[in-house]
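Encoded as structure tokens, the structure appears first; notes follow it.
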Amino acid sequence: MIRKIPLYAGLLMLLLNGTGCKNIFAPALGDLDGGNSIYRLDLASPADVLHNFRYAYIYRDSLMYAMLLDSEFVFVYYQPSTESGTGHYDSWMWDTELRTTGRLLGAFSYIDLIWQSTLDSAYYEMQGDSVIRREDKRFESANYADISRSYQLTLGDYYTLVGDAAFRFRKDKEGKWRILRWEDKYNTY
């Protein structure tokens, strides 16, 4: 009888290794119930990008946020000077934007972003630096778009930023829109 125990133990270990471990509490990979996802993965319009932008902030998802930026992304902001009463515009590129936003998303346990109103929008078809065609409403052959939106960003319990953001979007070779430039103007309350 003693000889059968190692045989049964060996068979049990083989059976467990063959089936692998499964966490019964982990959600299944793929779409949410009903086939929907909070993210719009096709990025077929600048509106899809802004939708994902909002949820990347709310869910503090820096990987989704990174997918929304063009490789030539530039963030432009106004840096006021308290000493002279004047200020200047400054900017940073894609890599600094990802580090800065990653720190911002990690610093607050609660973030909410509300897009308020569209202030202006235009779509362009461009080749190189030349505008071939411009329209104020979305058209299919556009490969650039400018959209200005007002927003309210709540960071934790104590900070609310209200302002305007001017975005320039570019459509890539796969037909996905990405943020090429973001100029931000905000006021704190």
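Taken together, the values in this text are just the output of simple stated rules run on the coordinates, not laboratory data. No experiment lies behind these values; they were computed from the predicted model shown. So basically every Cβ, Gly included, is an ideal-geometry build from the backbone, and we count neighbours across all protein chains shown.
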Gln152 fails exactly one of the following numbered conditions: (1) over 25 Å from Tyr59 (Cβ atoms); (2) of a type outside the set (Phe, Trp, Tyr); (3) not in a loop (DSSP other than H, G, I, E, B). What is the number of that condition?
(1)
Could you please give the count of residues in the stretch 68-106 that are free of Cβ contacts under 8 Å to residues at least 24 places away in the same chain and touching a Leu at 6+ places or on another chain (Cβ under 9 Å)?
0
Can you find a residue in the stretch 113-136 that is under 23 Å from Asp42 (Cα atoms), touching a Ser or Thr at 6+ places or on another chain (Cβ under 8 Å) and basic (Lys, Arg)?
no
Could you list, in sequence order, the residues of the stretch 168-189 that are in contact (Cβ under 8 Å) with a residue 12 or more places away in the chain and farther than 20 Å from Leu104 by Cα?
Arg168, Phe169, Arg170, Lys171, Asp172, Gly175, Lys176, Trp177, Arg178, Leu180
If you check Ala122 against the conditions, is it assigned to a loop (DSSP other than H, G, I, E, B) and surrounded by 14 or more Cβ atoms within 10 Å (Cβ to Cβ)?
no
Suppose we filter the stretch 145-167 for residues that are aliphatic (A, V, I, L, M), without any contact (Cβ under 8 Å) to a residue 60 or more places away in the chain and closer than 25 Å to Ser71 by Cβ; how many remain?
2
The stretch 98-117, residues that are surrounded by fewer than 15 Cβ atoms within 10 Å (Cβ to Cβ), part of a helix (DSSP H, G or I) and of a type in the set (S, T, N, Q)
Thr100
Quick one: in the stretch 157-184, which of the residues that are over 17 Å from Ala47 (Cβ atoms) and of a type in the set (Phe, Trp, Tyr) is surrounded by the fewest Cβ atoms within 10 Å (Cβ to Cβ)?
Tyr158
